[in-house]
Amino acid sequence: MLIHDFVSGNKPVMVFIHGVLTPWQVWMPQIEFYKNRYNVYAVSLNAHTEETTSEFISVCAEAEEIIRRLKERGIRAIDVLCGISLGGKIAHEIWKNGKIEILNLVLDGAPLIRCPKFAVRMMINNYKSIIHRSKRREAKV
């Protein structure tokens, strides 16, 4: 996991967490927009970057690591925590466990309820298909 900092001075803290199969750079338009008003941190989840070798273990493990890394930077509260898709699920977990204060939580497309087994199987098969096609570098992936 990497956390990219766009920090200058004493400003409110904003954290962005990307979704599955997308890089942290998906947030660049928002980072550019907010970096003058907030100290922005963009998380690059485990197994989602070529910059480091890492393994995604679980939503809970990612949430714990994000909290630990932010606290190592002296952050005790997050003014705005944003997550999309898987990042939204992780953001929700960070908020839910209460180990760091969250003032505002923004979730987009976060799967917060248990899906029926047939839907989970469909999503897993779709995900595996995307991964295999991506590894073959197919143009439409």
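The values are calculated or read from the model by the stated rules, or taken from the named source; none is laboratory data. In this text, all values refer to a predicted model and were calculated from it rather than measured experimentally. Note: ideal-geometry Cβ built from the backbone for every residue, glycine included; neighbour counts use all protein chains shown.
At-a-glance table
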item: Hits in segment 93-124 (condition: out of contact with any helix residue (DSSP H, G or I) (no Cβ under 7 Å at 6 or more places or on another chain) and either modelled with pLDDT of 80 or more or among the small types (Gly, Ala, Ser) (or both)); result: TRP95, LYS96, GLY98, GLU101, LEU103, ASN104, VAL106, LYS117, PHE118, ALA119, ARG121, MET122
item: Scan of segment 1-38 for residues that are more than 18 Å from the chain's Cα centre (by Cα) and touching a residue at least 40 places away in the same chain (Cβ under 8 Å), ordered by number; result: PRO12
item: Within segment 118-134, tally of residues that are more than 21 Å from the chain's Cα centre (by Cα) and farther than 22 Å from GLU93 by Cβ; result: 7
item: Residue in segment 71-90 that is over 17 Å from VAL15 (Cα atoms) and modelled with pLDDT of 80 or more present; result: no
item: Any hit, segment 118-140, residues being closer than 13 Å to ILE17 by Cα and surrounded by 11 or more Cβ atoms within 10 Å (Cβ to Cβ); result: no
